[in-house]
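First the structure, in the form of structure tokens, and then the observations on it.
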Amino acid sequence: MTQKPELRILLAGPRGFCAGVDRAIRVVEEAIRRFGAPVYVRHEIVHNRTVVEQLEAQGAVFVEELHEVPADATVVFSAHGVPKSVPEEAERRKLLYLDATCPLVSKVHREAERHFAEGGEDTRHILMIGHAGHPEVIGTMGQLPPGAVSLVQNAEEAAVIVPADPTRLAFITQTTLSVDDTAEIVAILRTRFPLIEGPKKEDICYATTNRQAAVKALASDSDLVIVIGSPNSSNSQRLREVAERAGATKAVLVPRAIDFDWALMEGVKTLGLSAGASAPETLVQEMIDQLADRFVLTIEERRVTEEDVIFKLPAPLQDLSAA
């Protein structure tokens, strides 16, 4: 029998589910328990196919827009947030809707409204740092009238954007961005527009920050870093990028173990392993189990901080949850 080679795994901590993702999943599950299946969900509740399939098995039906939801049905809005036009349409159609928007995304929505609602000469044009087409960006920009928010995607755009009044500006950010990239963009904006107003507290969420810090703590010691997460997950993509920039020889994003190209393990002695905030821990364990079939494992967790954040369910579900 051929002796299995040894492999050292550096396991990032924290990794995987954050409080906002956990809350969003619980909203769908509690809605199904309370109101019965089907419960409709506008867009993926979080960006992870495994989570979506598990909720579908319980009775969730995922749709892209509200016109796909039957009259008198229950609908849940995803963790990424939605434009104001969506709940307005739900109310017009008399749909029962539950908002699973992450509270930290809602905080950014309120910041945008505050800058816009100051009124008169105090109203500021808002620059949103984020990625075009991402549901969170669409939802945040949709809190205000068209033209009130301009999108800045990178440092190059920050260096050339020309607002109508450079003295009346504010900036907000998508919550799942690279901490380092965002800091660079903010520095450019502050240099060009010294009077620009920023958020009272960092917009990039604690979970994004912590997961990136954990990956940085193991990247330079890793021949390969695997990030478990979906390709359309912004925070997972950023983890892969952070790993490469922090010194990993190579970093890859893998939805689940079955999708992994095992040829990448050639020559790997130390493997870094993390998971995006929308990836369940079961997928990490699945990857470890597959590795254990091929290697003799030594596992070391590198934990940079502990997380104890818990978000309450929306008011219509809180009584049920307590019961």
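Would you please name the residue that is farthest from the chain's Cα centre (by Cα), looking only at residues in segment 218-258 that are surrounded by fewer than 18 Cβ atoms within 10 Å (Cβ to Cβ) and of a type in the set (Val, Ile, Thr)?
249
Please pick out the residue among 231, 255 that is in the same structural domain as residue 299 (by TED's automatic domain parsing), touching a Gly at 6+ places or on another chain (Cβ under 8 Å) and either free of Cβ contacts under 8 Å to residues at least 24 places away in the same chain or within 25 Å of residue 102 (Cβ to Cβ) (or both).
Within the list 231, 255, the selection yields 255.
Before we move on, is residue 56 over 14 Å from the mean Cα position of the chain (by Cα) and surrounded by fewer than 16 Cβ atoms within 10 Å (Cβ to Cβ)?
yes
Does residue 109 satisfy the condition of being surrounded by 16 or more Cβ atoms within 10 Å (Cβ to Cβ), assigned to a helix (DSSP H, G or I) and either small (Gly, Ala, Ser) or modelled with pLDDT under 95 (or both)?
On the way: surrounded by 16 or more Cβ atoms within 10 Å (Cβ to Cβ): yes; assigned to a helix (DSSP H, G or I): yes; either small (Gly, Ala, Ser) or modelled with pLDDT under 95 (or both): no.
In short, no.
Would you point out the residue of segment 182-199, among those that are without any contact (Cβ under 8 Å) to a residue 60 or more places away in the chain and among the charged types (D, E, K, R), that is nearest to residue 309 (Cα to Cα)? Give the derivation first.
So the first thing to find is which residues in segment 182-199 are without any contact (Cβ under 8 Å) to a residue 60 or more places away in the chain, and the list is 182-188, 190-195, 198.
Now narrow it down to the ones that are among the charged types (D, E, K, R): 184, 190, 192.
Numbers: 184: 28, 190: 31, 192: 36 Å.
Going through the qualifying residues, I end up with 184.
Here is a check on your reading of the model: is residue 297 crowded, with 18+ Cβ neighbours inside 10 Å and over 21 Å from the mean Cα position of the chain (by Cα)?
No; evaluated as a whole, the condition is false for this residue.
Can you pull out every residue in segment 165-180 that is among the polar types (S, T, N, Q), part of a loop (DSSP other than H, G, I, E, B) and buried (at least 18 other Cβ atoms within 10 Å of the Cβ)?
Within segment 165-180, 174, 175, 176, 178 qualify.
Does residue 158 count as in a helix (DSSP H, G or I), over 27 Å from residue 231 (Cβ atoms) and out of contact with any His (no Cβ under 6 Å at 6 or more places or on another chain)?
For residue 158, the condition - in a helix (DSSP H, G or I), over 27 Å from residue 231 (Cβ atoms) and out of contact with any His (no Cβ under 6 Å at 6 or more places or on another chain) - is not met.
From the list 61, 86, 27, which residue is touching a Pro at 6+ places or on another chain (Cβ under 6 Å) and at pLDDT 95 or above? First the steps, then the outcome.
On the way: 86 fails: touching a Pro at 6+ places or on another chain (Cβ under 6 Å); 27 fails: touching a Pro at 6+ places or on another chain (Cβ under 6 Å).
61 is the lone residue from the list that is touching a Pro at 6+ places or on another chain (Cβ under 6 Å) and at pLDDT 95 or above.
The values are calculated or read from the model by the stated rules, or taken from the named source; none is laboratory data. The model shown is predicted, which means the values in this text are computed figures rather than measured ones. Here the Cβ is made from the backbone with ideal geometry for all residues, glycine too, and neighbour counts use every protein chain on show.
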